Amino acid sequence: MDNAQLNTFLQMPETLFPNSSIPRVSDWEKCDLALNQDNPSSVMDDDEEESLADSMLCDSNSRLIPSGFSKSSCSHEIVMFINAGGEALNEEDSRMKFLGDSYFEGGNIIQTNEHITEAGDCPFIYQSARYGSFWYRFNNLPPGDYFVDLHFAEIINTNGPKGMRVFNVYMQEEKVLSDFDIFSLVEANKPLQVVDFRVLVKEDGLIAVRFEGVIGSPMVCGICVRKAQNIRVAQGSQEYLRCKNCAAEIEVSSAQKKLVRTKVTDKYEKKIQELTTQCQLKTHECHEAWMSLTAANEQLEKVRIELDNKIFQTRTLDETMGKQAENLKNITSSYEHYKKYWAAAVNDLQEKIKIMKNEHAQLSHEAHACVESIPKLNKMVTGVQALVVQCEDLKVKYSEEQAKRKELYNQIQETKGNIRVFCRCRPLSTEEISAGFAQVVDFDAAKDGDLGILTGASTKKTFKFDRVYTPKDNQVDVFADASPLVTSVLDGYNVCIFAYGQTGTGKTFTMEGTDQNRGVNYRTLEQLFQIAKERSENFMYNISVSVLEVYNEQIRDLLSTSPTSKRLEIKQSAEGFHHVAGIIEAQVDNIKEVWNVLQIGSNSRAVGSNNVNEHSSRSHCMLCIMVKSKNLMTGECTKSKLWLVDLAGSERLAKTDAQGERLKEAQNINKSLSALGDVIYALATKSSHIPYRNSKLTHLLQDSLGGDSKTLMFVQISPSERDLSETLSSLNFATRVRGVKLGPAKRQVDTIELQKMKTMLEKARQESKSKDESLRKLEESLQNLESKAKGRDQVYKTQLEKIEELEGQLELKTSMQNQSEKQTLQLSDRLKGREEICTGLQLKVNELETKLKERLQSESASYQQKIKELEDRLREQEQQLQCTLARDFANVIRATPSEGKCRIDDEFMTEAEPHILRSSNSISSRPLSHGSTQPRVSDSLHETRKKRYSRSDETENNMVISASLADKRARKSDPPKIARVVRTAKPATVAAQGPLTHKRIINRDLVHAAKERDSKKKIWSR
């Protein structure tokens, strides 16, 4: 195999140099050194990139190409080309056929539409990839040698950073890529080829490529398998070399080749041994210098720590002294403040004692006067007892008169008629006035209850009601006539007040009103609470309020906070009352709570707009007031209801032009109002069957429209001629309601007897009130006198106790002041002593700082001199090595013709030198191929580089080196970088293979030296 490798090496034209090859190499190196001095940063970057790529490639024959696949560069026969993550494609050239993603096990597919720069002839290869943990197995291949090329592009982590995707690649279970990072080499959306992985296929015909993730998941864009050409073997034992100067063919025998090889290898081995010994000596010297530096740094750190501790102690002492001084100041200020405060308090107490003594004298005089007035009080007590007896008799008579008053009042209401109708007309609106609509309502006979409607130019129709309100009448006037019904509710009768009329005539305003102008609802409840308060001595009332609406023949609870899908139904209790099961009844105790409840109900009411009114009420709003009363004298209990109903607007469908949901609402409103008319008609005709259940509205008002209930109706009308038809229909309905008589006739009531009874009741009330007031005044005067005497005695005792407590507190404060003064004296003495200690410590600290500065300056100067000397020595040794190598090459070339009796040109040296290095590489790689446990050279170099970088980071944190030295040299003092001197002896043939063809050339002695160097590095890192 050595002869064959030599023959192939001789056949390559790139490796043959002319006679002046060696001096040209030296000239190139000089130029390179000059360029490096001009631009050191670019050289360092190139070295880092080459070292990074060198560490990733485990196969010496493979190389990196930072560009896309090109057909012209592919010279060997392509067996298959796998488009990883993509589909199969056929190129115009019949030789190129891209297979779809197959032969894999595991992993996922990703594709991108982003542009891949420098993608070559086939950019689609790098727009798809397979990633994850996966294998590729290529079966049924003929035995022989193959080249495997891998194509990569970072299309996932396009924003980096480096180290996000690091993985290993194994071919035939041998690692070919180690810690491979695509982004660190070519960044994102750029192609990268790793070519010329030589693989031997045995009789099983299998090529296995395995991807293993280190950090993140591995990925690949394409895999190309090429057939390798067979290596030609020389037929004869002799070869000929052509001289470039004279074009003569020189015969070279195998014996001469072996002699040259042995001599060159011996010389190289001797030189390598000498270099390794010199490197070991230099490493020992550097190690000793390094250890002295670390010891000096440790001593400096110890001194600095001591200084920091001393400074911290001085600062803590200063802070404690400052805090104690502030505490002393606070104590003195508080003492002075309390002293002034207690002096003022003592003066105030003395003045109060004087006042108390004067008051005590006055109380004693008053007590003597009270003792003298005791017989008079006894007489007054007897008179009061007699008055109490009379008061009890009056209470009995008052209860009897109250029962008679109830009977008479109910008789008066029944004689008037249980259903009364009040008519109220709103004023013309600004829109109606601006539109020019005339007023058709005549209020000339409104005081007598007559209302005229102008139906034509000369015709007039009159209506008779219990009360007619003009637009000038306010809310107070309206409620004045409805207020008598409130007492009926408190007496236990059902009452119903409802407003009927066209939309926009003011029904809601009459019933609810506004914040500034309250309506019937608010005023009714206000009067209820007022009368209940007046009767609180004899009656106990419990008032609850519920607000609901009838919307589309469905009952809705307006006080419910959460909307429920459950339907509310009307049920009859065992007592005969009708109620809505599940409705919320809010207990109210004052008028503020009532207003809050009314606001919640009005806000939840269904409102819509139509042609008649923009904010039209689309439901019947019903306010139910439940009153439970108990007579404290007799124990009688009653339960009554007051319905305050704001009916929805009654209008014709043709006028509103309602459609959809508004049409359905209007139909249900008219249906419920017609049912109310049927009930009123049945009540007026005293029919045996009254259709209460035809509507939810009439069913709810069943307890108030019949029996002992009192009913009041407000009919609301509009004065505009535009609403004439609706006004007439509302007035006709009101006249029918007024014709209903549930009780006796009005005109048969004897008003004289009623007036007499009223006068008698008023007199009895006034007499009882005057007697009650006189009794209360006497009792209050007695109680006040007794309470004053007791209170003054207690105040006098408490004042004496406070004086004793204050005297004790003054004694404690004086003792505390004395103790604080003693503490201040002691603290002042301590402060003086600590100040003296601090001054001494500061002097010591200053001395230590000066010593440290001098020591640092002297040591830094000595270390700089040593480092410069070491660098100069290293440079001299490098130059000597280069000169000796050049001389050795020349001597070897000159010596070979005399021994072999033929002249061999300088080309033979260039031919033999890489063969020797290759043979050393093959010797070092043989144990790895046979499965030994010795690690690969590339792995060892990679580990040493990692350790070197970690150690350089640690030393940068610990060492203190001047800035000028750090700028001139990139950490030449680090011991690990001395090992890189050996790499200067690489032959020039490596540079001829291209910038990205990375060959590893190493010997066993170098491996042994690298192991010793690693052990020393571990010692230094510790």
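Across the accessible surface of the range 458-542, with the other protein chains kept in place and a 1.4 Å probe, carbon and sulfur atoms take up 46 percent.
Could you give the length gained on full extension between A369 and N670, defined as 0.36 nm per residue of separation minus the Cα-Cα distance, in nm?
Details: separation 301, 0.36 × 301 = 108.36 nm, distance 8.15 nm.
So the chain would gain 100.2 nm between A369 and N670.
Using 0.36 nm times the number of residues separating F312 and L99, minus their current alpha carbon distance, what extension gain do you get? Before the final figure, lay out the partial values.
Details: separation 213, 0.36 × 213 = 76.68 nm, distance 7.43 nm.
The F312-L99 span can extend by a further 69.3 nm.
Each residue of the range 685-702 was assigned a 3J(HN,Hα) from its phi angle through the Karplus curve 6.51 cos²θ - 1.76 cosθ + 1.60 (θ = phi - 60°); the sequence is 8, 6, 6, 5, 10, 10, x, 5, 7, 6, 8, 5, 5, 5, 5, 5, 8, 5 Hz, with glycine and proline shown as x.
Take the range 458-537 with all the other protein chains still there, run a 1.4 Å probe, and you get 41 Å² of accessible area per residue. Once all protein chains are placed together, E301 keeps about 80 Å² accessible to a 1.4 angstrom probe. Solvent-accessible area of the range 293-426 (1.4 angstrom probe, protein heavy atoms only): carbon and sulfur portion equals 57 percent.
Roughly speaking, to the nearest percent, how much of the range 55-227's 1.4 Å accessible area is carbon and sulfur?
Working: 3450 of 7630 Å².
That fraction is 45 percent.
Placing dummy labels 7 Å off each Cα toward the beta-carbon, the span from E876 to K175 is 4.2 nm. Residues whose amide H falls under 5 Å from that of L712, counting only those 5 or more places apart or on a different chain, are R420, C496, I497, F498, with hydrogens built in the peptide plane.
Would you mind putting 667-675, 716-724 in packing order, based on average other-beta-carbon counts within 10 Å, highest first? Before the final figure, lay out the partial values.
Values: 667-675: 18.6, 716-724: 22.3.
With the highest mean Cβ count within 10 Å placed first, the list reads 716-724, 667-675.
The H on the amide N of I555, modeled in the peptide plane, is under 5 Å from the matching H of L568, each at least 5 residues off or on a different chain. Pairs from the table (K339/K802; K397/K639; K447/K533; K323/K832; K71/K175) lying more than 22 angstrom apart at Cα are K397/K639; K447/K533; K71/K175.
Using 0.36 nm per residue, how much length does the chain from Q350 to N297 gain when fully extended, once their Cα-Cα distance is taken away? If you can, show how the numbers build up before the last one.
Numbers: separation 53, 0.36 × 53 = 19.08 nm, distance 7.80 nm.
Between Q350 and N297, full extension yields an extra 11.3 nm.
With contacts taken as Cα pairs under 8 Å and at least 6 residues apart, the range 55-227 reaches a relative contact order of 34 percent. Here the Karplus curve 6.51 cos²θ - 1.76 cosθ + 1.60, taken at θ = phi - 60°, turns the phi angles of the range 550-557 into couplings of 9, 10, 6, 6, 10, 8, 10, 8 Hz, with x standing for Gly and Pro.
For the range 55-227, the solvent-accessible area with a 1.4 angstrom probe is 44 square angstrom per residue.
Evaluate E = 1/(1 + (r/R0)^6) for D481 and L408, where r is the Cβ-Cβ distance and R0 equals 25 Å; express this FRET efficiency to the nearest 0.05.
Working: r = 20 Å, r/R0 = 0.78.
The calculated FRET efficiency here is 0.80.
Distances between placed amide hydrogens fall under 5 Å for E154 paired with N189, K190, all partners being 5 or more residues away or on another chain. Could you tell me which of G132, F183, N113 has its Cα farthest along the dipole of the range 71-184 towards the positive end, charges placed at Cβ (Lys, Arg +1; Asp, Glu -1), taken about the Cα centre? Value computed over the given set: G132.
Taking every protein chain into account, the 1.4 Å probe leaves F183 with about 30 Å² of accessible area, to the nearest ten. A simple spin-label model places pseudo-atoms 7 Å from Cα toward Cβ; at E807 and N538 they are separated by 6.3 nm. Restricting the GluC sites (Glu not before Pro) of the range 447-542 to loop positions (DSSP other than H, G, I, E, B) with no more than 11 neighbouring Cβ atoms within 10 Å leaves E537. Legend: calculated FRET efficiency, A586 to K630, from the Cβ-Cβ distance at R0 = 22 Å, rounded to 0.05, equals 0.60.
The values are calculated or read from the model by the stated rules, or taken from the named source; none is laboratory data. No experiment lies behind these values; they were computed from the predicted model shown. Here Cβ is always computed from backbone atoms with ideal geometry, including for glycine, and neighbour counts include all displayed protein chains. The area values use the complete protein model at the heavy-atom level, side chains included, leaving out ligands, DNA and RNA. Shrake-Rupley method; radii C 1.70, N 1.55, O 1.52, S 1.80 Å.
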